[in-house]
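Following: one structure in structure tokens, then a few remarks.
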Amino acid sequence: MPIPPDIPRKKTLILDLNGVLCKIERSAVALRQAKDLGWPLLGSRTMWVVPRSGLREFLEQVLELFCVIIWTSRIERNTEFVLEALESAGCLLRGLNLDR
């Protein structure tokens, strides 16, 4: 069923998971720098997820204006790890549709 023309539709905003919403670190040097800067780190011994500051607030604002799609070129198991880390830290909003 087509959407009636008098109902406003949100434009789509595509956000890249790695590099826009968070930074994913694997090297010891980068990890040390992140700790020195006081960035919140989520992760395991081999991969650390550094959420961008203000991520939750940013998503709250853009979700009011746009239909948000989170895109990544990462393989599925790494993507799952990153999304779970962000969700557990409260950086992603409840109800955000993460069609995996």
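Ignoring lysines fewer than eight residues from LYS35 along the same chain, the ones with Cα atoms less than 24 angstrom from its Cα are LYS23.
A Förster radius of 35 Å combined with the Cβ-Cβ distance from ALA30 to VAL68 puts the calculated FRET efficiency at roughly 0.80.
Listed by chain and number, the aspartates and glutamates placed with their C-alpha closer than 20 angstrom to that of LYS10 are GLU57, GLU60, GLU64, ASP99; residues fewer than eight positions away on the same chain are left out.
Every read-out reported here was derived from the displayed coordinates using simple, explicitly stated rules and does not represent laboratory data. Every value quoted in this text rests on a predicted model; they were computed, and no experiment measured them. Because the Cβ atoms are built from the backbone with ideal geometry, glycine has one as well, and the counts that use them run over all protein chains shown.
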